[in-house]
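Heads up: the structure comes next, in C-alpha coordinates.
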Amino acid sequence: MKALTIAQIAEIVGGQLHDVDDPTRLVDGTVEFDSRKVTAGGLFLALPGARVDGHDHAAAAIASGAAVVLAARPVGVPAIVVEPVPHDGRAMALEHDVDGSGAAVLTALSALARASALELTAHAGLTVLGVTGSSGKTSTKDLIASVLRPLGAVVAPPGSFNNELGHPWTVLRADESSDFLVLELSARGIGHVAALARAAPPRIGVVLNVGTAHLGEFGSRERIALAKGELVEALPSAADGGVAVLNADDRLVLEMRSRTSARVVTVGLSPEADIRAENVSLDANARARFTMVTPVGSIDIALAVHGEHQVGNALAAAAVALECGATLDQISSALAGSSAASVRRMDVSTRTDGVTVVNDSYNANPDSMRAALKALVSMSRSGTGSRRRTWAVLGEMGELGPESVTEHDAIGRLAVRLDVSRLVIVESGRPTRAMHQGAVMEGSWGEESMLVPDKESAIAVLRDQLEPGDIVLVKASQSVALWSVADALLDNETVPDAGNGERDIMTAEESQ
(Lines give C-alpha, C1' and ligand atoms only; values in the text may rest on other atoms or scores of the structure.)
Protein backbone atom coordinates (compact mmCIF):
# COMPACT_ATOMS: atom_id res chain seq x y z
CA MET A 1 0.00 0.00 0.00
CA LYS A 2 1.00 3.64 -0.17
CA ALA A 3 3.10 4.41 2.90
CA LEU A 4 1.03 6.12 5.61
CA THR A 5 1.60 7.27 9.16
CA ILE A 6 -0.04 5.46 12.05
CA ALA A 7 -2.22 8.52 12.60
CA GLN A 8 -3.33 8.57 8.96
CA ILE A 9 -4.31 4.91 9.09
CA ALA A 10 -6.27 5.50 12.31
CA GLU A 11 -8.17 8.33 10.67
CA ILE A 12 -8.99 6.19 7.59
CA VAL A 13 -10.32 3.26 9.62
CA GLY A 14 -11.93 5.30 12.40
CA GLY A 15 -9.77 3.78 15.11
CA GLN A 16 -8.26 4.99 18.37
CA LEU A 17 -4.55 4.90 19.18
CA HIS A 18 -3.40 2.81 22.15
CA ASP A 19 0.17 2.55 23.42
CA VAL A 20 1.44 4.52 20.42
CA ASP A 21 4.37 6.77 21.31
CA ASP A 22 4.85 8.25 17.84
CA PRO A 23 1.67 8.66 15.72
CA THR A 24 3.81 10.09 12.90
CA ARG A 25 5.74 6.84 12.47
CA LEU A 26 5.52 5.67 8.88
CA VAL A 27 3.92 2.30 8.11
CA ASP A 28 5.79 1.27 4.98
CA GLY A 29 5.97 -2.52 5.29
CA THR A 30 3.44 -5.16 4.31
CA VAL A 31 0.03 -5.83 5.84
CA GLU A 32 -0.11 -9.31 7.36
CA PHE A 33 -2.54 -11.46 9.32
CA ASP A 34 0.13 -14.09 10.07
CA SER A 35 2.57 -12.81 12.71
CA ARG A 36 5.28 -15.07 11.27
CA LYS A 37 5.23 -13.10 8.02
CA VAL A 38 5.43 -9.61 9.45
CA THR A 39 8.01 -7.31 7.84
CA ALA A 40 9.75 -4.28 9.27
CA GLY A 41 7.46 -1.27 9.40
CA GLY A 42 4.41 -3.34 8.58
CA LEU A 43 0.83 -3.54 9.84
CA PHE A 44 -0.36 -6.64 11.70
CA LEU A 45 -4.06 -7.60 11.62
CA ALA A 46 -5.24 -9.05 14.92
CA LEU A 47 -8.05 -11.26 13.67
CA PRO A 48 -9.95 -13.53 16.07
CA GLY A 49 -10.46 -16.97 14.54
CA ALA A 50 -12.03 -20.28 15.43
CA ARG A 51 -8.73 -21.72 16.70
CA VAL A 52 -6.33 -18.78 17.05
CA ASP A 53 -6.92 -15.19 18.17
CA GLY A 54 -4.55 -12.80 16.45
CA HIS A 55 -4.69 -10.49 19.47
CA ASP A 56 -2.63 -13.08 21.34
CA HIS A 57 0.16 -12.67 18.77
CA ALA A 58 0.23 -8.87 18.66
CA ALA A 59 3.30 -8.55 20.89
CA ALA A 60 5.19 -11.08 18.79
CA ALA A 61 4.32 -9.14 15.64
CA ILE A 62 5.66 -5.90 17.11
CA ALA A 63 8.79 -7.71 18.27
CA SER A 64 9.26 -8.94 14.69
CA GLY A 65 9.24 -5.40 13.37
CA ALA A 66 5.61 -4.42 12.81
CA ALA A 67 5.02 -0.71 13.31
CA VAL A 68 1.49 -1.10 14.65
CA VAL A 69 -1.36 -3.57 15.15
CA LEU A 70 -4.92 -3.18 13.82
CA ALA A 71 -7.05 -4.67 16.59
CA ALA A 72 -10.47 -4.77 18.19
CA ARG A 73 -9.13 -4.24 21.72
CA PRO A 74 -5.98 -2.88 23.37
CA VAL A 75 -3.14 -5.42 23.23
CA GLY A 76 -0.40 -3.78 25.31
CA VAL A 77 1.66 -2.77 22.26
CA PRO A 78 1.18 0.01 19.67
CA ALA A 79 -2.26 -0.50 18.20
CA ILE A 80 -5.07 1.12 16.26
CA VAL A 81 -8.22 -0.14 17.98
CA VAL A 82 -11.55 -0.27 16.15
CA GLU A 83 -14.80 -0.80 18.01
CA PRO A 84 -16.64 -4.12 17.56
CA VAL A 85 -19.62 -3.69 15.26
CA PRO A 86 -22.92 -5.52 14.82
CA HIS A 87 -22.37 -8.14 12.18
CA ASP A 88 -25.24 -9.46 10.08
CA GLY A 89 -23.13 -11.27 7.46
CA ARG A 90 -24.61 -9.52 4.46
CA ALA A 91 -21.70 -7.38 3.38
CA MET A 92 -18.85 -9.32 4.94
CA ALA A 93 -17.80 -12.77 6.15
CA LEU A 94 -18.10 -14.70 2.93
CA GLU A 95 -16.13 -17.54 4.44
CA HIS A 96 -14.80 -16.47 7.83
CA ASP A 97 -16.89 -17.15 10.90
CA VAL A 98 -16.15 -14.00 12.89
CA ASP A 99 -17.78 -12.17 15.77
CA GLY A 100 -18.25 -8.43 16.08
CA SER A 101 -14.55 -7.95 16.85
CA GLY A 102 -13.48 -9.80 13.74
CA ALA A 103 -16.02 -7.93 11.65
CA ALA A 104 -14.62 -4.64 12.95
CA VAL A 105 -11.07 -5.52 11.90
CA LEU A 106 -12.25 -6.74 8.49
CA THR A 107 -14.34 -3.60 7.96
CA ALA A 108 -11.32 -1.46 8.87
CA LEU A 109 -9.13 -3.49 6.52
CA SER A 110 -11.59 -2.92 3.68
CA ALA A 111 -11.64 0.84 4.38
CA LEU A 112 -7.83 0.96 4.32
CA ALA A 113 -7.74 -1.01 1.07
CA ARG A 114 -10.24 1.36 -0.53
CA ALA A 115 -8.27 4.45 0.49
CA SER A 116 -5.06 2.95 -0.86
CA ALA A 117 -6.63 1.81 -4.13
CA LEU A 118 -8.28 5.17 -4.78
CA GLU A 119 -5.03 7.02 -4.08
CA LEU A 120 -2.97 4.75 -6.35
CA THR A 121 -5.58 4.87 -9.11
CA ALA A 122 -5.82 8.65 -9.03
CA HIS A 123 -2.17 9.56 -8.60
CA ALA A 124 -0.01 6.57 -9.59
CA GLY A 125 -1.84 5.28 -12.68
CA LEU A 126 -2.92 1.95 -11.16
CA THR A 127 -5.48 0.01 -13.22
CA VAL A 128 -7.78 -2.20 -11.12
CA LEU A 129 -9.36 -5.26 -12.75
CA GLY A 130 -11.95 -7.59 -11.22
CA VAL A 131 -12.94 -11.13 -12.19
CA THR A 132 -16.01 -13.02 -11.01
CA GLY A 133 -18.04 -16.04 -12.06
CA SER A 134 -19.23 -19.37 -10.74
CA SER A 135 -16.10 -21.16 -11.94
CA GLY A 136 -12.78 -20.35 -13.55
CA LYS A 137 -12.02 -17.17 -11.58
CA THR A 138 -8.60 -18.24 -10.36
CA SER A 139 -7.46 -19.68 -13.68
CA THR A 140 -8.58 -16.54 -15.49
CA LYS A 141 -6.97 -14.28 -12.89
CA ASP A 142 -3.69 -16.11 -13.48
CA LEU A 143 -4.02 -15.78 -17.27
CA ILE A 144 -4.83 -12.06 -17.00
CA ALA A 145 -1.76 -11.53 -14.83
CA SER A 146 0.35 -13.34 -17.42
CA VAL A 147 -0.85 -11.29 -20.39
CA LEU A 148 -0.42 -8.02 -18.50
CA ARG A 149 3.13 -8.60 -17.25
CA PRO A 150 4.72 -7.53 -20.57
CA LEU A 151 2.96 -4.18 -20.06
CA GLY A 152 4.00 -3.42 -16.48
CA ALA A 153 4.17 -4.48 -12.85
CA VAL A 154 1.23 -6.72 -11.86
CA VAL A 155 -0.16 -7.50 -8.41
CA ALA A 156 -2.44 -10.56 -8.26
CA PRO A 157 -3.49 -12.78 -5.36
CA PRO A 158 -1.88 -16.15 -4.70
CA GLY A 159 -4.45 -18.89 -5.21
CA SER A 160 -8.02 -17.86 -4.45
CA PHE A 161 -7.63 -14.88 -2.13
CA ASN A 162 -11.07 -13.65 -3.15
CA ASN A 163 -13.03 -13.09 0.04
CA GLU A 164 -13.39 -10.39 2.71
CA LEU A 165 -9.88 -11.04 4.05
CA GLY A 166 -7.85 -12.10 1.02
CA HIS A 167 -9.32 -9.48 -1.30
CA PRO A 168 -8.33 -6.33 0.66
CA TRP A 169 -5.07 -8.00 1.70
CA THR A 170 -4.24 -8.32 -2.01
CA VAL A 171 -5.29 -4.73 -2.69
CA LEU A 172 -2.80 -3.58 -0.06
CA ARG A 173 0.05 -5.39 -1.87
CA ALA A 174 -0.12 -2.71 -4.57
CA ASP A 175 2.01 0.41 -4.19
CA GLU A 176 3.31 3.29 -6.31
CA SER A 177 5.36 0.89 -8.44
CA SER A 178 2.32 -1.21 -9.43
CA ASP A 179 0.68 -0.77 -12.83
CA PHE A 180 -2.08 -3.39 -12.64
CA LEU A 181 -4.06 -4.92 -9.77
CA VAL A 182 -5.88 -8.13 -10.74
CA LEU A 183 -8.54 -9.25 -8.26
CA GLU A 184 -10.94 -12.15 -7.83
CA LEU A 185 -14.36 -11.46 -6.32
CA SER A 186 -16.31 -14.33 -4.81
CA ALA A 187 -19.83 -14.36 -3.41
CA ARG A 188 -21.94 -16.48 -1.13
CA GLY A 189 -24.78 -14.04 -0.99
CA ILE A 190 -26.28 -10.92 -2.50
CA GLY A 191 -24.13 -7.87 -1.76
CA HIS A 192 -20.82 -9.70 -1.36
CA VAL A 193 -19.38 -8.79 -4.78
CA ALA A 194 -20.56 -5.19 -4.34
CA ALA A 195 -18.78 -5.00 -0.96
CA LEU A 196 -15.55 -6.32 -2.43
CA ALA A 197 -15.79 -3.93 -5.37
CA ARG A 198 -16.09 -1.02 -2.95
CA ALA A 199 -12.77 -2.03 -1.39
CA ALA A 200 -11.04 -1.54 -4.75
CA PRO A 201 -13.27 0.05 -7.41
CA PRO A 202 -12.39 -1.68 -10.69
CA ARG A 203 -12.10 -0.02 -14.09
CA ILE A 204 -12.37 -3.32 -15.97
CA GLY A 205 -14.67 -6.13 -14.85
CA VAL A 206 -14.86 -9.69 -16.20
CA VAL A 207 -17.86 -11.98 -15.66
CA LEU A 208 -17.12 -15.53 -16.76
CA ASN A 209 -20.28 -17.54 -16.17
CA VAL A 210 -23.31 -18.15 -14.01
CA GLY A 211 -23.29 -21.78 -12.90
CA THR A 212 -24.44 -23.81 -9.94
CA ALA A 213 -21.65 -23.15 -7.42
CA HIS A 214 -23.23 -22.11 -4.08
CA LEU A 215 -26.67 -22.96 -5.47
CA GLY A 216 -27.75 -24.04 -2.01
CA GLU A 217 -27.06 -20.59 -0.62
CA PHE A 218 -28.50 -18.56 -3.50
CA GLY A 219 -31.46 -20.77 -4.40
CA SER A 220 -31.37 -20.27 -8.18
CA ARG A 221 -29.07 -19.38 -11.06
CA GLU A 222 -30.98 -16.15 -11.47
CA ARG A 223 -30.05 -15.15 -7.92
CA ILE A 224 -26.43 -16.08 -8.64
CA ALA A 225 -26.56 -13.86 -11.72
CA LEU A 226 -27.92 -11.03 -9.60
CA ALA A 227 -24.90 -11.35 -7.30
CA LYS A 228 -22.26 -11.73 -10.02
CA GLY A 229 -23.66 -8.76 -11.93
CA GLU A 230 -22.83 -6.48 -9.03
CA LEU A 231 -19.34 -6.31 -10.53
CA VAL A 232 -20.47 -4.65 -13.77
CA GLU A 233 -22.70 -2.31 -11.78
CA ALA A 234 -19.60 -1.13 -9.91
CA LEU A 235 -17.73 -0.14 -13.08
CA PRO A 236 -17.34 3.48 -14.20
CA SER A 237 -19.14 4.63 -17.31
CA ALA A 238 -17.73 4.16 -20.79
CA ALA A 239 -16.89 7.87 -20.84
CA ASP A 240 -14.76 7.36 -17.73
CA GLY A 241 -12.98 4.29 -19.14
CA GLY A 242 -15.16 1.53 -17.69
CA VAL A 243 -15.10 -1.80 -19.56
CA ALA A 244 -17.23 -4.89 -18.89
CA VAL A 245 -15.96 -8.15 -20.43
CA LEU A 246 -18.90 -10.54 -20.71
CA ASN A 247 -19.18 -14.16 -21.82
CA ALA A 248 -21.32 -14.17 -24.95
CA ASP A 249 -21.94 -17.92 -24.58
CA ASP A 250 -23.76 -17.57 -21.26
CA ARG A 251 -27.20 -15.98 -21.56
CA LEU A 252 -27.34 -14.82 -17.95
CA VAL A 253 -23.95 -13.15 -18.27
CA LEU A 254 -24.77 -11.51 -21.59
CA GLU A 255 -27.93 -10.04 -20.09
CA MET A 256 -25.75 -8.11 -17.63
CA ARG A 257 -24.95 -5.61 -20.37
CA SER A 258 -28.15 -3.81 -19.39
CA ARG A 259 -26.86 -3.40 -15.82
CA THR A 260 -23.78 -1.32 -16.60
CA SER A 261 -22.90 2.03 -18.13
CA ALA A 262 -19.43 0.72 -18.99
CA ARG A 263 -18.47 -0.22 -22.53
CA VAL A 264 -19.23 -3.92 -23.13
CA VAL A 265 -16.82 -6.30 -24.82
CA THR A 266 -18.11 -9.83 -25.44
CA VAL A 267 -15.99 -12.97 -25.68
CA GLY A 268 -16.74 -16.59 -26.51
CA LEU A 269 -17.35 -19.08 -29.29
CA SER A 270 -20.44 -17.24 -30.50
CA PRO A 271 -20.07 -15.72 -33.99
CA GLU A 272 -21.47 -12.52 -32.46
CA ALA A 273 -18.71 -12.22 -29.84
CA ASP A 274 -16.37 -9.25 -30.22
CA ILE A 275 -13.42 -11.52 -29.42
CA ARG A 276 -14.03 -15.13 -30.37
CA ALA A 277 -12.30 -18.47 -30.83
CA GLU A 278 -12.51 -20.38 -34.09
CA ASN A 279 -11.16 -23.79 -35.14
CA VAL A 280 -10.65 -25.02 -31.57
CA SER A 281 -8.69 -28.25 -31.22
CA LEU A 282 -7.05 -30.10 -28.32
CA ASP A 283 -3.69 -31.84 -28.23
CA ALA A 284 -2.97 -35.10 -26.43
CA ASN A 285 -2.69 -33.24 -23.11
CA ALA A 286 -6.03 -31.40 -23.54
CA ARG A 287 -4.30 -28.12 -24.30
CA ALA A 288 -6.31 -25.99 -26.68
CA ARG A 289 -5.24 -24.41 -29.95
CA PHE A 290 -7.49 -21.97 -31.76
CA THR A 291 -7.65 -18.89 -33.91
CA MET A 292 -8.54 -15.79 -31.94
CA VAL A 293 -10.54 -13.28 -33.94
CA THR A 294 -10.59 -9.70 -32.65
CA PRO A 295 -11.56 -6.25 -33.97
CA VAL A 296 -7.84 -5.56 -34.57
CA GLY A 297 -7.01 -8.81 -36.36
CA SER A 298 -6.67 -12.55 -35.89
CA ILE A 299 -3.89 -14.68 -34.44
CA ASP A 300 -3.26 -18.34 -33.61
CA ILE A 301 -3.24 -19.20 -29.91
CA ALA A 302 -1.72 -22.27 -28.27
CA LEU A 303 -2.49 -22.59 -24.55
CA ALA A 304 -0.20 -24.16 -21.97
CA VAL A 305 -3.05 -24.80 -19.51
CA HIS A 306 -5.18 -27.92 -19.72
CA GLY A 307 -8.85 -28.27 -20.63
CA GLU A 308 -11.13 -26.95 -23.35
CA HIS A 309 -12.85 -24.76 -20.77
CA GLN A 310 -9.67 -22.67 -20.68
CA VAL A 311 -10.51 -21.26 -24.12
CA GLY A 312 -13.12 -18.94 -22.66
CA ASN A 313 -10.80 -17.97 -19.83
CA ALA A 314 -8.04 -17.14 -22.30
CA LEU A 315 -10.40 -15.04 -24.43
CA ALA A 316 -11.37 -13.03 -21.35
CA ALA A 317 -7.70 -12.49 -20.51
CA ALA A 318 -7.00 -11.43 -24.09
CA ALA A 319 -9.87 -8.93 -23.99
CA VAL A 320 -8.44 -7.35 -20.84
CA ALA A 321 -4.96 -7.21 -22.34
CA LEU A 322 -6.22 -5.53 -25.51
CA GLU A 323 -7.99 -2.91 -23.41
CA CYS A 324 -4.72 -2.26 -21.57
CA GLY A 325 -2.69 -1.80 -24.75
CA ALA A 326 -1.22 -5.23 -25.50
CA THR A 327 -0.57 -6.35 -29.05
CA LEU A 328 -1.87 -9.63 -30.45
CA ASP A 329 1.68 -11.00 -30.60
CA GLN A 330 2.23 -10.15 -26.93
CA ILE A 331 -1.00 -11.88 -25.98
CA SER A 332 -0.25 -15.00 -28.01
CA SER A 333 3.25 -15.28 -26.54
CA ALA A 334 2.05 -14.72 -22.98
CA LEU A 335 -0.75 -17.30 -23.23
CA ALA A 336 1.63 -19.86 -24.72
CA GLY A 337 3.90 -19.47 -21.71
CA SER A 338 1.21 -19.24 -19.02
CA SER A 339 0.93 -22.52 -17.12
CA ALA A 340 -1.15 -23.21 -14.02
CA ALA A 341 0.04 -20.66 -11.44
CA SER A 342 -2.28 -21.62 -8.57
CA VAL A 343 -1.97 -24.99 -6.87
CA ARG A 344 -4.46 -27.86 -7.29
CA ARG A 345 -6.17 -26.45 -10.37
CA MET A 346 -5.72 -28.76 -13.35
CA ASP A 347 -2.18 -29.31 -12.07
CA VAL A 348 -0.81 -32.01 -14.37
CA SER A 349 2.20 -34.14 -13.36
CA THR A 350 3.56 -37.36 -14.81
CA ARG A 351 5.36 -39.94 -12.70
CA THR A 352 8.48 -41.75 -13.80
CA ASP A 353 6.35 -44.82 -14.60
CA GLY A 354 4.15 -42.82 -16.98
CA VAL A 355 1.14 -42.42 -14.68
CA THR A 356 -0.29 -38.92 -15.12
CA VAL A 357 -1.98 -37.25 -12.14
CA VAL A 358 -4.38 -34.34 -12.73
CA ASN A 359 -4.74 -32.60 -9.38
CA ASP A 360 -7.85 -30.41 -9.67
CA SER A 361 -8.75 -30.87 -6.03
CA TYR A 362 -8.88 -27.27 -4.83
CA ASN A 363 -12.63 -27.04 -5.31
CA ALA A 364 -15.53 -28.45 -7.29
CA ASN A 365 -18.99 -27.60 -8.53
CA PRO A 366 -21.06 -29.27 -11.26
CA ASP A 367 -19.69 -27.01 -14.01
CA SER A 368 -16.04 -27.43 -13.11
CA MET A 369 -16.54 -31.16 -12.52
CA ARG A 370 -17.94 -31.60 -16.02
CA ALA A 371 -15.07 -29.61 -17.52
CA ALA A 372 -12.47 -31.67 -15.64
CA LEU A 373 -14.01 -34.99 -16.70
CA LYS A 374 -14.05 -33.90 -20.33
CA ALA A 375 -10.41 -32.82 -20.07
CA LEU A 376 -9.51 -36.21 -18.53
CA VAL A 377 -11.06 -38.09 -21.42
CA SER A 378 -9.46 -35.79 -23.98
CA MET A 379 -6.04 -36.44 -22.44
CA SER A 380 -6.57 -40.18 -22.75
CA ARG A 381 -6.54 -40.10 -26.55
CA SER A 382 -3.25 -40.66 -28.37
CA GLY A 383 -2.25 -39.96 -31.93
CA THR A 384 -2.38 -43.69 -32.77
CA GLY A 385 -6.07 -43.94 -32.00
CA SER A 386 -5.52 -45.98 -28.83
CA ARG A 387 -6.65 -44.71 -25.43
CA ARG A 388 -4.94 -44.54 -22.08
CA ARG A 389 -6.90 -45.88 -19.12
CA THR A 390 -8.62 -43.13 -17.14
CA TRP A 391 -9.44 -42.89 -13.43
CA ALA A 392 -11.69 -40.28 -11.83
CA VAL A 393 -11.27 -40.03 -8.06
CA LEU A 394 -14.15 -37.82 -6.98
CA GLY A 395 -15.58 -36.47 -3.76
CA GLU A 396 -18.52 -34.35 -2.71
CA MET A 397 -19.40 -31.03 -4.32
CA GLY A 398 -20.52 -28.79 -1.48
CA GLU A 399 -23.12 -26.04 -1.09
CA LEU A 400 -25.61 -27.30 -3.68
CA GLY A 401 -28.61 -27.31 -1.35
CA PRO A 402 -31.71 -29.28 -2.38
CA GLU A 403 -30.15 -30.00 -5.79
CA SER A 404 -27.16 -31.80 -4.29
CA VAL A 405 -28.33 -35.38 -4.83
CA THR A 406 -29.53 -34.66 -8.38
CA GLU A 407 -26.29 -32.93 -9.34
CA HIS A 408 -24.12 -35.71 -7.93
CA ASP A 409 -26.22 -38.33 -9.70
CA ALA A 410 -25.72 -36.43 -12.97
CA ILE A 411 -21.94 -36.37 -12.56
CA GLY A 412 -21.86 -40.13 -12.02
CA ARG A 413 -23.91 -40.65 -15.16
CA LEU A 414 -21.70 -38.24 -17.15
CA ALA A 415 -18.59 -40.22 -16.20
CA VAL A 416 -20.19 -43.28 -17.79
CA ARG A 417 -21.26 -41.43 -20.92
CA LEU A 418 -17.75 -40.04 -21.34
CA ASP A 419 -16.41 -43.59 -20.97
CA VAL A 420 -14.14 -42.94 -18.00
CA SER A 421 -12.44 -46.28 -17.31
CA ARG A 422 -12.68 -46.35 -13.52
CA LEU A 423 -14.59 -44.19 -11.06
CA VAL A 424 -13.51 -44.08 -7.40
CA ILE A 425 -15.90 -42.09 -5.20
CA VAL A 426 -14.90 -41.14 -1.68
CA GLU A 427 -18.06 -41.41 0.42
CA SER A 428 -19.17 -38.56 2.64
CA GLY A 429 -22.91 -39.05 2.77
CA ARG A 430 -25.98 -39.20 0.56
CA PRO A 431 -24.65 -37.02 -2.32
CA THR A 432 -21.60 -39.18 -2.97
CA ARG A 433 -23.69 -42.34 -2.77
CA ALA A 434 -25.94 -40.74 -5.39
CA MET A 435 -22.91 -40.16 -7.63
CA HIS A 436 -21.97 -43.84 -7.41
CA GLN A 437 -25.56 -44.95 -7.93
CA GLY A 438 -25.92 -42.68 -10.96
CA ALA A 439 -22.88 -44.29 -12.56
CA VAL A 440 -24.16 -47.79 -11.85
CA MET A 441 -27.64 -47.03 -13.16
CA GLU A 442 -26.34 -45.29 -16.28
CA GLY A 443 -24.02 -48.04 -17.41
CA SER A 444 -24.40 -51.09 -15.16
CA TRP A 445 -20.70 -50.70 -14.57
CA GLY A 446 -20.45 -53.07 -11.67
CA GLU A 447 -16.88 -52.93 -10.40
CA GLU A 448 -15.87 -50.07 -12.70
CA SER A 449 -17.47 -47.66 -10.20
CA MET A 450 -16.57 -48.13 -6.58
CA LEU A 451 -17.61 -46.30 -3.43
CA VAL A 452 -14.82 -46.20 -0.83
CA PRO A 453 -15.20 -45.04 2.77
CA ASP A 454 -12.29 -42.59 2.94
CA LYS A 455 -9.27 -41.11 1.21
CA GLU A 456 -6.94 -43.75 2.58
CA SER A 457 -9.04 -46.44 0.90
CA ALA A 458 -8.91 -44.57 -2.39
CA ILE A 459 -5.11 -44.34 -2.14
CA ALA A 460 -4.91 -48.08 -1.42
CA VAL A 461 -7.03 -48.92 -4.50
CA LEU A 462 -4.92 -46.73 -6.74
CA ARG A 463 -1.61 -48.04 -5.47
CA ASP A 464 -2.82 -51.57 -6.03
CA GLN A 465 -4.43 -51.16 -9.44
CA LEU A 466 -2.73 -48.30 -11.30
CA GLU A 467 -0.75 -49.32 -14.37
CA PRO A 468 1.94 -47.40 -16.26
CA GLY A 469 0.34 -44.89 -18.62
CA ASP A 470 -2.90 -44.48 -16.65
CA ILE A 471 -4.33 -40.99 -16.09
CA VAL A 472 -5.87 -40.07 -12.71
CA LEU A 473 -8.12 -37.06 -12.10
CA VAL A 474 -8.58 -36.03 -8.45
CA LYS A 475 -11.41 -33.57 -7.78
CA ALA A 476 -13.79 -32.55 -4.99
CA SER A 477 -14.79 -29.52 -2.98
CA GLN A 478 -12.06 -28.00 -0.83
CA SER A 479 -13.57 -29.24 2.42
CA VAL A 480 -12.95 -32.85 1.35
CA ALA A 481 -9.17 -32.20 1.11
CA LEU A 482 -8.90 -34.80 -1.63
CA TRP A 483 -5.51 -33.40 -2.63
CA SER A 484 -4.01 -35.87 -0.17
CA VAL A 485 -4.78 -38.57 -2.74
CA ALA A 486 -2.84 -36.74 -5.45
CA ASP A 487 -0.01 -36.01 -3.01
CA ALA A 488 0.22 -39.68 -2.08
CA LEU A 489 0.46 -40.71 -5.73
CA LEU A 490 3.25 -38.20 -6.32
CA ASP A 491 4.98 -38.55 -2.96
CA ASN A 492 8.63 -37.45 -3.03
CA GLU A 493 8.84 -37.41 -6.81
CA THR A 494 10.23 -34.68 -9.03
CA VAL A 495 8.34 -35.09 -12.25
CA PRO A 496 7.98 -33.42 -15.64
CA ASP A 497 4.75 -31.46 -15.81
CA ALA A 498 3.25 -31.52 -19.28
CA GLY A 499 2.87 -27.77 -19.20
CA ASN A 500 5.23 -26.44 -16.55
CA GLY A 501 8.56 -28.26 -16.91
CA GLU A 502 10.36 -29.65 -13.85
CA ARG A 503 9.02 -28.95 -10.40
CA ASP A 504 9.09 -30.46 -6.95
CA ILE A 505 5.85 -31.89 -5.63
CA MET A 506 4.73 -30.09 -2.46
CA THR A 507 3.08 -31.78 0.47
CA ALA A 508 -0.44 -30.73 1.38
CA GLU A 509 0.81 -28.68 4.33
CA GLU A 510 3.41 -26.82 2.27
CA SER A 511 0.96 -25.92 -0.46
CA GLN A 512 -1.86 -24.58 1.72
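Taking a ≥ b ≥ c as the square roots of the Cα gyration tensor eigenvalues, the chain comes out prolate, since a/c reaches at least 1.5 and a/b is larger than b/c. Between residue 460 and residue 220, the FRET efficiency from the beta-carbon distance, with R0 = 41 Å, is close to 0.50. Using the Cβ of residue 388 as centre and a radius below 9 Å, the other residues enclosed give a net charge of +2, where K and R count +1 and D and E count -1.
Remark: the chain carries 39 Å² of accessible area per residue (probe radius 1.4 Å; ligands, DNA and RNA excluded).
Each of 237, 362, 474 was placed along the dipole of the chain (beta-carbon charges, centred on the mean Cα), and the one lying farthest toward the positive end is 237. Axis angle, to the nearest 10 degrees, between helix 137-148 and the longest C-alpha principal axis of the chain: 70 degrees. Rounded to the nearest 0.05, the FRET efficiency derived from the C-beta distance between residue 381 and residue 259 at R0 = 45 Å is 0.60. Comparing Cα centroids, region 347-396 and region 132-196 end up 27 angstrom apart.
A compact globular protein would have a Cα radius of gyration near 2.2 N^0.38 Å; the ratio found for region 171-221 is 1.39.
When the accessible area of the chain is computed with all protein chains present and a 1.4 Å probe, what percentage of it is carbon and sulfur?
With neighbouring chains kept in place, the figure for the chain is 48 percent.
Counting 0.36 nm for each residue step from residue 119 to residue 50 and taking away their Cα separation leaves a gain of 21.4 nm. The angle between the Cα long axis of helix 310-323 and the main principal axis of the chain comes to about 40°, on a 0 to 90 degree scale. Of the peptides 288-300, 241-253, 344-356, the order by per-residue mean of other Cβ atoms within 10 Å, starting with the highest, comes out as 241-253, 344-356, 288-300.
The values are calculated or read from the model by the stated rules, or taken from the named source; none is laboratory data. Remember, it's a predicted structure, so these values are computed and weren't measured experimentally. All Cβ positions, even for glycine, are placed from backbone atoms using ideal geometry, and neighbour counts span all protein chains on display. Surface areas here come from the heavy atoms of the whole protein model, side chains and all, with no ligands, DNA or RNA. Shrake-Rupley method; radii C 1.70, N 1.55, O 1.52, S 1.80 Å.
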